[in-house]
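Quick notes on the structure that follows.
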Amino acid sequence: MDFNGDEFKALVYEFMANENLGKWLHQVGVEDHRQAEEPKNLKLIQRLDISTDVASALEYLHSGCESTIIHGDLKPSNVLLDDKMTAHIGDFGLTKIISTGSRDVAQGQSNSVVIRGTIGYVALEYGMGDMASTLGDVYSFGILLLEMFTSKKPTDNIFKDDLNLHNFVKNGLPNRVMEIVDPRILLEHNTRWIKDCMISILRIGIACSMESPRDRMEMGSVISELNKIKNTYMNQGLNQDLEVGRDCAT
């Protein structure tokens, strides 16, 4: 009941103490012409953890429920972070629940539902009138992943004509990867091993955001690859950082 004693229905969500991913990636403007808030820095392992959290959430929506659920509007502002920096997907305003007796939708087959997402993140085929599929969410995840590790928005002014975030990253791999990644990542880690790590991550983003839906990765494979990167490169990075520390001490 409300303060007048009237009954009402409400959705109650867990409080997300660290707001949304967009505020951690980019400078946020404020009102009254005051200085804009600087983006909060995310460590590499935090970016990997958030990426894996989001991928796992999408995999659950697509395959773990009785009906296939298509989010339809994945973007940084819809990725919410709790007090432990665990990522949660929010804003299901464009979500479509597809009841189906087969695995067609889960395998990327289209259906009669139309999705209207956010420019820059929405799958290219939706703009041509194609119906919703789980591979549309995979595309949005790929763009999100590229944005997380380059700090470039898909709507930045540099992207015009035939140049988009997908092509920008693809053209930079592998030789110019250190030029296109978020420079804040390079301040944190030794560049002797970070290059291979970034190439592996960005290639996942490229594979997820392919123009043709059938060329995109499946979310289960994405989760597996991200976990491999965390286990392999985090251990390698830790060992090399320890070696650097020993070298400095001698």
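Every number here is computed from the coordinates shown, using simple stated rules; none is lab data. If you're wondering where the values come from, they're calculated on a predicted model, not measured in any experiment. As a convention, Cβ positions derive from the backbone with ideal geometry for all residues, glycine included, and neighbour counts pool all protein chains shown.
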query: At S200 and D162, where each label point lies 7 Å from the Cα along Cα→Cβ, what is the point-to-point distance in nanometres?
result: 3.3
field: Cα-projected label distance for S77 with K9, points at 7 Å along beta-carbon direction, nm
entry: 2.7
- prompt: So, counting K/R as plus one and D/E as minus one, what does the shell of residues with Cβ under 9 Å around F159 add up to?
  reply: +1
field: Exposure proxy ranking, count of Cβ atoms within 10 Å, fewest first, for H62, H26
entry: H26, H62
query: In nm, what is the difference between 0.36 nm times the number of residues separating S212 and N41 and their Cα-Cα distance?
result: 58.2 nm
query: Tell me, in nm to one decimal, what length is gained between N235 and E179 on full extension, where the rule is 0.36 nm per residue of separation less the Cα-Cα distance?
result: 17.7 nm
field: Spin-label proximity, E19 to the range 47-83 - amide N less than 16 Å from point 7 Å beyond Cα toward beta carbon
entry: 76-83
